[in-house]
Amino acid sequence: MFNRVSGEQINKTDFSDRVIFSHGKALGKLHYLSSYYTPDSHKRWSYSDVLFDYPLETAALAEARLLQDYFSTIPITNRNFGLIHYDFEYDNVFYDEATDSCNVIDFDDSMYHWYAMDIEQALDSLQDYLPPEMFEFKKRCFMDGYSHRIRNFG
């Protein structure tokens, strides 16, 4: 379906340290670019729009208000909040061995949120493909790639 995307979906790789590091690096770069992005016109939805997406569900609405109150206490800066992919999982990220980099598709669900949400979803996806005893080490590979953003992008 995505013949023009170079590389192969990460879920079809060997999950080597190099692949996982590159995946983290790609997300870090995406968040770095997002921290400077200001849309000209249409702004995507945000986490707060999603919280109140079910107005007829009384219990859900009460929980959403609790979450909104909690989130309002967390500082929002361009270093921790911005436009995120929101589906940065292995079926949407392609690893290109020739360039040792990742290419990302499917930005349909992107929204304004804390960058930590993308990190959590990526790590959750990673956990689905690895034996439990390998997860902590591979998580560190991913986070080392992600922190590459701080050292090299900003």
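The values are calculated or read from the model by the stated rules, or taken from the named source; none is laboratory data. Just so it is clear, the structure is predicted and the values come from calculations on it, not from any experiment. For neighbour counting, all protein chains shown are included, and Cβ atoms are generated from backbone atoms with ideal geometry for every residue, glycine included.
Annotations
- Residue check, Ala64 under 29 Å from Ile20 (Cβ atoms) and either of a type in the set (S, T, N, Q) or outside any strand (DSSP E or B) (or both): no
- Pairs, first under 15 Å from Glu120 (Cβ atoms) and touching a residue at least 24 places away in the same chain (Cβ under 8 Å) in segment 69-94, second surrounded by 21 or more Cβ atoms within 10 Å (Cβ to Cβ) and charged (D, E, K, R), C-beta under 8 Å, six or more apart: Ile84/Asp118; His85/Asp118; Tyr86/Asp118; Phe88/Asp118
- Checklist (1) out of contact with any Cys (no Cβ under 9 Å at 6 or more places or on another chain); (2) modelled with pLDDT of 85 or more; (3) of a type outside the set (Ser, Thr, Tyr) applied to His42, failing item: (2)
- Test: residue in segment 128-143 that is surrounded by 20 or more Cβ atoms within 10 Å (Cβ to Cβ), without any contact (Cβ under 8 Å) to a residue 60 or more places away in the chain and either closer than 21 Å to Tyr32 by Cβ or touching an Asp or Glu at 6+ places or on another chain (Cβ under 6 Å) (or both): no
- The lone criterion from (1) at pLDDT 95 or above; (2) under 14 Å from the mean Cα position of the chain (by Cα) left unmet by Phe137 is number (2).
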